[in-house]
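Worksheet for the structure shown next.
The values are calculated or read from the model by the stated rules, or taken from the named source; none is laboratory data. Since the model is a prediction, treat every value here as computed from it, not as a measurement. Note that we place each Cβ from the backbone using ideal geometry, even for glycine, and neighbour counts take in every protein chain shown.
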Amino acid sequence: MDVLCLGAYILDVLGRPIEELPKTQNSVLIDEIRLTAAGTAGGTSVDLARLGLTVVAAGAIGDDEAGEFLTMLLRRHGVDTGHLAVKPGLRTATTMLPIRSDGTRAAWHMRGANAVFGAADVPRHLLEDVRFVHFGGVGALPGLDGPDCVSLLAAARRAGRTVTADCLGFKRADTAELLAGYLPYVDVFLPNDEEALLITGASGVAEAAAEFRRMGAAAVIVTMGAQGCLISTAQGDRRLPAFDVPAVDATGCGDAFTAGVIAGLAQGWPLERAAELGTAAASLTVQGLGSDAGNLSLARVLDHLASAPRRRLT
């Protein structure tokens, strides 16, 4: 296997366009409703598989219909689901997302089995069988966050694996404290701008990225939506512009970006070139509904990278 994706696995239910909720029991017709495999581990695993990497999932689902459906979606995309832990009596994490016509969205989330996913659900031999370990869901997995997660990431580092990590929103007030334990074992940390500013209390993304590097991350990439991304390493900071494309739904763009970065690193590319691939993957994803909307393949992302127009850096 190329990548172990451990963390949050979620079934997303999305509809668009939704500008407001009906105020009566009447139905309102909309253009699309989709169900997709999502979460900072689940969505990333799908995109990695589409980009040609072999991926094994480590997470928790319930013993319900949603868990069966989520497993089917992951397998359909080529993800190895043999190590998803099924938690009896619990429901699978699910999010409902009403997507506005401008691509923004609110969310209603049920944590479900993700709340009890722990280190005991991750067979240690998996760390020996992969090249990359991606931890998706810092601060959103109460059964894993803390010393157990530090132990897993340290074991991955000792095994010589490249470790990446990102957040799933801003779920805990002590996320900065958690990251101080994790980041010394993380090669690339990939928060979005809102998460970075909330966690650090910084006034700008460059300051936030510098704080994450002081905590121990070898490199930090802060994604900023239409403003592109900031790459921060020991060699300095560099901004990359986003692509100038119509935005339908931002769901899963961060997961696509992360998958592109990992896929680029797997090709042996330098970090900046890998971030370019991530930017292109996110740009394709934002043009459709759901985390898998980009219909990604390595060839398609490379073509987009070479030909699509860029936004101007501001």
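For this structure, a couple of remarks:
- Screening 238, 213 for residues that are within 26 Å of residue 7 (Cα to Cα) and charged (D, E, K, R) leaves exactly one candidate, 213.
- With respect to the conditions (1) of a type outside the set (Asp, Glu); (2) over 18 Å from the mean Cα position of the chain (by Cα); (3) closer than 21 Å to residue 41 by Cβ, residue 285 falls short on a single one, namely (2).
- Matching entry among 196, 206, 210 (being within 16 Å of residue 258 (Cα to Cα), hydrophobic (A, V, I, L, M, F, W, C) and in a helix (DSSP H, G or I)): 196
- Pairs with Cβ under 6 Å, 6+ apart, first in region 210-229 and more than 19 Å from residue 169 (Cα to Cα), second of a type in the set (D, E, K, R): 218/187
- Residues in region 135-149 that are surrounded by 17 or more Cβ atoms within 10 Å (Cβ to Cβ) and assigned to a helix (DSSP H, G or I): 149 alone.
- Residues that are buried (at least 17 other Cβ atoms within 10 Å of the Cβ), closer than 20 Å to residue 230 by Cα and not small (Gly, Ala, Ser) occur at least once in region 303-314.
- For residue 130, the conditions (1) at pLDDT 95 or above; (2) closer than 20 Å to residue 195 by Cβ; (3) crowded, with 21+ Cβ neighbours inside 10 Å all hold with the exception of (2).
- Selection within region 213-225 - crowded, with 21+ Cβ neighbours inside 10 Å and not in a loop (DSSP other than H, G, I, E, B): 219, 220, 221, 222, 223
- Residue 296 buried (at least 20 other Cβ atoms within 10 Å of the Cβ), touching a residue at least 60 places away in the same chain (Cβ under 8 Å) and over 29 Å from residue 107 (Cα atoms): no
- Pairs, first within 16 Å of residue 37 (Cα to Cα) in region 61-89, second among the polar types (S, T, N, Q) and outside any loop (DSSP other than H, G, I, E, B), C-beta under 6 Å, six or more apart: 66/94; 79/45; 81/71
- Within region 246-267, the set of residues being surrounded by 17 or more Cβ atoms within 10 Å (Cβ to Cβ) and part of a loop (DSSP other than H, G, I, E, B) comprises 248, 249, 250, 251, 252.
- Residues (of a type in the set (Asp, Glu) and assigned to a helix (DSSP H, G or I)) located in region 161-188: 177
- Per the conditions (1) under 19 Å from residue 208 (Cβ atoms); (2) crowded, with 24+ Cβ neighbours inside 10 Å, the sole criterion not satisfied by residue 240 is (2).
- The condition of being in contact with a Pro (Cβ under 6 Å, 6 or more places away or on another chain) and either under 23 Å from residue 286 (Cα atoms) or not aromatic (Phe, Trp, Tyr) (or both) holds for only one of 27, 45, 101, that being 101.
- Within region 173-182, the presence of at least one residue that is in contact with a helix residue (DSSP H, G or I) (Cβ under 8 Å, 6 or more places away or on another chain), crowded, with 23+ Cβ neighbours inside 10 Å and not charged (D, E, K, R) is confirmed.
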